Amino acid sequence: MTPTTTTWCFLAFTFYGIRTILRRIFSTLETVPGPASKSIITGNLSQFHDLDDWGFQQELEENYGRVVKVHGFLGDRHLFVFDPVALHHILVKDQDVYEEMPKFICLDLLIFGRGIFSTMRDDHRKYRKTMMPAFSTLNLREMVPLFYEVAERARDGLIAPDISQGPRTLDFNSILCRTSLELIGRTGIGYSFDPMLPGQEQTDRYARALRALFVTAFKLQLFIPLLPILMKSLPSALRRFLINFIPSQPLHELRDLVDLTDSTAAQLVKDRKMVQESGKLDGDEEGKDIMSLLVKGNAVADAGMHLADDELVACLSMILFAATDTTSSSMNRMIHLLALNPEVQRKLREEVLAAPEHLDYDTIDALPYLDGFVREILRLYPPVPVMFREAMSDATLPLSKPITGSDGTIMHTIAVPKGTSVYVGIAAANHDKSIWGEDALEFKPDRWTKGKADSVETKLPGIYGNTMTFLGGGRSCIGFKFAQLEMKVVACVLLRSFSFSKPDSGIRWRKTGIMPSPYVNDEPKLPIVVERLRA
């Protein structure tokens, strides 16, 4: 470790050490029940972020009530929350109090620039209002043929050639990662990342850079505590100088990836604007992608809502980044569950085969068993099990049911100090047996009828099927209908042609970053036996 790196480590450690010790001494969260700290330095964080230890999160879900105290760095008190009333306050009623953590806002600002992920409050609402029309149901209806085109290219180019001589075990992680990136490329920006041809690997530099951004960003956890200071206190030229000066290979890798994605996205926006100004975009059948819709809407936006070119570039990159890994994670889970549940696969295939081969938006959305299947995947296995917030000021958090503190007191509310890290327990709320019943941890597509789960009365503040999968409030996922459509179209196309069976018993779902991914040993893989159906 070089002297400069040592200095940065010392500064980060000292800053957080002093702050957390002071917050520990004066904490009002001391009596909130929770597990004992495992380490004086890291508290429970090593357990929470352990790649393979899902047991700790299950312990939080089942053993302490719906609000749990978790020990952070140097004993700092964090809250893990899945109480319905508390979630409503965090995500909806008091959403300006419980904001996205500043360190992650600054990381997004460093990677993407100013846009929907990297802003808060009124600024965030501006970007959201500008982007929402592009994700409307009306626009999604126009995109359905593109979804089918990409799904059929995956079927014919990435699967069918490899099983022409009989059943084979294929790595669906690779297949579905390529499919999800091509789907968001075509429908998001009107850009093809991947030829999806037999034996031809993805070579697009932009695609490879986008996929590497997430992994590289998480290598920089040492610098994350200093990002708010770096991003807020220094001009951009000086920030760039410091990034070049700090001897950190992951930081320099991130800089180079951002340069590549920014330059490519900027050129795409420039090209789209030129087409728009020429008047060709309005009649262009290929201009149904999200970026084209954003450019068209931005051209006629009011002055206060108009986005500059660099803001369009940032929004474009954020859409691609957010959609790629989350949808590939959910589609991986979809294929794995099909292989594990042959009766579910049979019923789903019967429904799909009884319908026309190419469905419009409303028809595919109305297939009841397919809808329940997708809803159950997203309930039981949300692609992002936990999201993070930070209290921007002192607050009082109400509870739906009182909890008993470690000192025996009955707590109807919890006093949350400014700066408290809050973990929004998405999976925990989706697994809560008092909401979903004793079979909450079982995969049961039949529990859904017309978009509602049977016998569920407790209201969660989510935007989708009374689950927290896509959050709720002002920072809920604007692309949640887009994600469902991807999964449904891919399922319809693949189930018409193939059967899936015998998944490798060595598959483990690891916590890579914040999203679960399938692994065999230490490699990201999803080996599934595939067989072509008889005509």
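When we screen MET411, MET331 for residues that are aliphatic (A, V, I, L, M), out of contact with any Phe, Trp or Tyr (no Cβ under 7 Å at 6 or more places or on another chain) and crowded, with 23+ Cβ neighbours inside 10 Å, the only hit is MET331. For the residues ILE116, ILE175, ILE111, the requirement of being closer than 25 Å to SER329 by Cβ, β-branched (Val, Ile, Thr), in contact (Cβ under 8 Å) with a residue 60 or more places away in the chain and in a helix (DSSP H, G or I) singles out ILE111.
Tell me yes or no: at least one residue of segment 475-485 is in a strand (DSSP E or B) and either within 16 Å of the chain's Cα centre (by Cα) or closer than 20 Å to TYR381 by Cα (or both).
First, the residues of segment 475-485 that are in a strand (DSSP E or B): none.
Within segment 475-485, none of the residues are in a strand (DSSP E or B) and either within 16 Å of the chain's Cα centre (by Cα) or closer than 20 Å to TYR381 by Cα (or both).
Per the listing LYS273, LYS232, the residue uniquely modelled with pLDDT of 70 or more, basic (Lys, Arg) and in contact with a helix residue (DSSP H, G or I) (Cβ under 8 Å, 6 or more places away or on another chain) is LYS273. The one condition from (1) assigned to a loop (DSSP other than H, G, I, E, B); (2) in contact (Cβ under 8 Å) with a residue 60 or more places away in the chain that VAL92 does not meet is (1).
Please go through segment 479-508 and pick out each residue that is surrounded by fewer than 20 Cβ atoms within 10 Å (Cβ to Cβ) and touching a residue at least 40 places away in the same chain (Cβ under 8 Å). So that I can check it myself, show each step before the final result.
Within segment 479-508, the subset surrounded by fewer than 20 Cβ atoms within 10 Å (Cβ to Cβ) is 480-481, 496-497, 499, 501-502, 504-508.
The answer is LYS481, ARG496, SER497, SER499, SER501, LYS502, ASP504, ILE507, ARG508.
Please verify whether PHE470 is buried (at least 21 other Cβ atoms within 10 Å of the Cβ) and part of a loop (DSSP other than H, G, I, E, B), treating the condition exactly as stated. Criteria met by PHE470. For segment 23-43, residues that are of a type in the set (A, V, I, L, M, F, W, C), at pLDDT 60 or above and more than 16 Å from VAL416 (Cβ to Cβ) total 3.
Here is a yes/no grid of residues against (1) within 29 Å of ASN173 (Cα to Cα); (2) touching a strand residue (DSSP E or B) at 6+ places or on another chain (Cβ under 7 Å):
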site: LYS452; (1), (2): no, no
site: GLU457; (1), (2): no, no
site: TYR464; (1), (2): yes, no
site: LEU471; (1), (2): yes, yes
site: GLY479; (1), (2): yes, no
site: LYS488; (1), (2): yes, no
site: ARG508; (1), (2): yes, yes
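Of the residues that make up segment 344-365, is at least one more than 30 Å from ILE105 (Cα to Cα) and of a type in the set (Phe, Trp, Tyr)? Checking segment 344-365: at least one residue is more than 30 Å from ILE105 (Cα to Cα) and of a type in the set (Phe, Trp, Tyr).
Among the residues of segment 296-325, the one identified as touching a Gly at 6+ places or on another chain (Cβ under 9 Å), farther than 20 Å from THR119 by Cβ and surrounded by fewer than 24 Cβ atoms within 10 Å (Cβ to Cβ) is LYS296. Counting only residues that are in contact with a strand residue (DSSP E or B) (Cβ under 9 Å, 6 or more places away or on another chain) and either among the basic types (Lys, Arg) or at pLDDT below 95 (or both), segment 322-345 holds 5 of them. With respect to ARG155, is the statement that it is touching a helix residue (DSSP H, G or I) at 6+ places or on another chain (Cβ under 7 Å), of a type outside the set (A, V, I, L, M, F, W, C), part of a helix (DSSP H, G or I) and at pLDDT 95 or above true? Criteria met by ARG155. Residues that are surrounded by 14 or more Cβ atoms within 10 Å (Cβ to Cβ), in contact (Cβ under 8 Å) with a residue 60 or more places away in the chain and touching a Pro at 6+ places or on another chain (Cβ under 9 Å) were ranked within segment 427-451; the one that is farthest from THR28 (Cα to Cα) is TRP448.
Looking only at residues that are outside any loop (DSSP other than H, G, I, E, B) and more than 22 Å from the chain's Cα centre (by Cα) in segment 71-85, which one is nearest to MET411 (Cα to Cα)? Step through it out loud before you land on a result.
Quick first cut of segment 71-85, residues outside any loop (DSSP other than H, G, I, E, B) only: 71, 73-75, 77-81, 84-85.
Now drop any that are not more than 22 Å from the chain's Cα centre (by Cα), which leaves 71, 73-75, 77, 85.
Values: HIS71: 20, PHE73: 25, LEU74: 26, GLY75: 22, ARG77: 17, VAL85: 14 Å.
Out of the qualifying residues, it is VAL85.
Which ones in segment 39-63 are surrounded by 18 or more Cβ atoms within 10 Å (Cβ to Cβ) and in a loop (DSSP other than H, G, I, E, B)? Break it down into steps so the answer makes sense when it comes.
The initial filter retains those residues of segment 39-63 that are surrounded by 18 or more Cβ atoms within 10 Å (Cβ to Cβ), namely 43-45, 47-48, 57, 60-61.
Passing the criteria: only ASN44.
Assess whether TYR191 counts as being farther than 23 Å from LEU359 by Cα, outside any strand (DSSP E or B) and hydroxyl-bearing (Ser, Thr, Tyr). Here the answer is yes, as TYR191 does meet what is asked.
The values are calculated or read from the model by the stated rules, or taken from the named source; none is laboratory data. Everything quoted here is computed from the prediction, not taken from an experiment. Methodologically, a virtual Cβ is constructed for each residue, glycine included, from the backbone with ideal geometry; neighbour enumeration extends over all protein chains shown.
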